[in-house]
């Protein structure tokens, strides 16, 4: 039993490391300090790392992940990686992508483990918190999709690549699937913890991930490639942790909560997402994934200011007659390969970096659109 659990934890650690490497490489500009899209540090006093220190920090982070993936006892490398990752996260909020946040918390749990197979209690506690973590992603992500924006905007967009294969008329006949999609995702996240139906839940989740890989992949929208490794990793995590494992009990949760590190992750990952429904916690820290319900920011600028923009930024300014607009999420996706972190403070920080091109403040205006609160869901 303990040998199996030890093998599973080592395998999960390796998958974590290599999935994180792939995603970080797919959006490598995100991790550099000198780029066209502005940095958005969590504190104003934090400096921009000079060249080549920013590049060296990124390379060091990748090397540490590689060492984590190949070493039998990678605890010291995990601790070093977390230190580098923390610096990177503090220097730019746009690095707080959902997959990176998940990986950091999983590595945080593993940083307290010595990778000794005879530490049975700790092994089982890690498996328990990882199970809860994976289940929470599906549970909260499904609930986040229960809004009008998902049905009217995100779901039809996701189905566009499918329409080219089965025809738009048939797509219209299965529009009800859009209403079932969030319910299925939420319920399967719960069903993973019940032995009689967990294998069915696993199959449904694999179908969902394969669907996402198709519609976001090269045969579909070819969009947001950084999440492709994450989708594969999630299927692997679910198989390792749920498919052939024993039943889940409340006793396991109580044993897990004996560890302070796991209490922290339990609160952050399983409980805090509830507050996002009332706009009291960040969307990307609440498993708000492709829900169509995150806040947006558009920067309006004057013609005279547009003329002063660097040539590499001008293509993102669209419009005319002093109504030029820069959609922040689109700019970030095109420049860095990830969506901009969808919070007002981040949009404001990015807008503030453009004031240096304006004659006065009237030439720049941020139009901020908040996400729907739970009270506005229909």
Original post:
Got a sec? Which helices (runs of 4 or more DSSP H) wholly within the stretch 216-270 have at least 1 residues that are at negative phi, surrounded by fewer than 20 Cβ atoms within 10 Å (Cβ to Cβ) and at pLDDT below 95?
Top reply: 250-256
Original post:
So which residues in the stretch 188-205 are surrounded by fewer than 16 Cβ atoms within 10 Å (Cβ to Cβ) and either touching a helix residue (DSSP H, G or I) at 6+ places or on another chain (Cβ under 9 Å) or without any contact (Cβ under 8 Å) to a residue 40 or more places away in the chain (or both), if there are any at all?
Top reply: 190, 194, 196, 197, 199, 200, 203
Original post:
If a residue has to be assigned to a helix (DSSP H, G or I) and buried (at least 16 other Cβ atoms within 10 Å of the Cβ) to count, how many in the stretch 23-43 make the cut?
Top reply: 5
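Take residue 112 and decide whether it is under 26 Å from the mean Cα position of the chain (by Cα), assigned by TED's automatic domain parsing to the domain that holds residue 80, assigned to a loop (DSSP other than H, G, I, E, B) and over 27 Å from residue 219 (Cα atoms).
Numbers: under 26 Å from the mean Cα position of the chain (by Cα): yes; assigned by TED's automatic domain parsing to the domain that holds residue 80: yes; assigned to a loop (DSSP other than H, G, I, E, B): yes; over 27 Å from residue 219 (Cα atoms): yes.
Spelling it out, residue 112 is indeed under 26 Å from the mean Cα position of the chain (by Cα), assigned by TED's automatic domain parsing to the domain that holds residue 80, assigned to a loop (DSSP other than H, G, I, E, B) and over 27 Å from residue 219 (Cα atoms).
Taking only the stretch 291-325 into account, find how many residues are in a loop (DSSP other than H, G, I, E, B) and within 30 Å of residue 185 (Cβ to Cβ).
Taking the stretch 291-325 first, the residues in a loop (DSSP other than H, G, I, E, B) are 291-295, 302, 309-313, 317, 319-323.
Filter once more, keeping what is within 30 Å of residue 185 (Cβ to Cβ): 291-295.
The qualifying residues number 5.
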Subject >> Within the stretch 44-72, considering residues that are in contact with a helix residue (DSSP H, G or I) (Cβ under 7 Å, 6 or more places away or on another chain) and in a loop (DSSP other than H, G, I, E, B), the one surrounded by the most Cβ atoms within 10 Å (Cβ to Cβ) >> reply: 49
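The values are calculated or read from the model by the stated rules, or taken from the named source; none is laboratory data. None of the values given here were measured: they were computed from a predicted structure. A quick note on method: Cβ atoms are made from the backbone with ideal geometry, for glycine too, and the neighbour counts reach across all protein chains shown.
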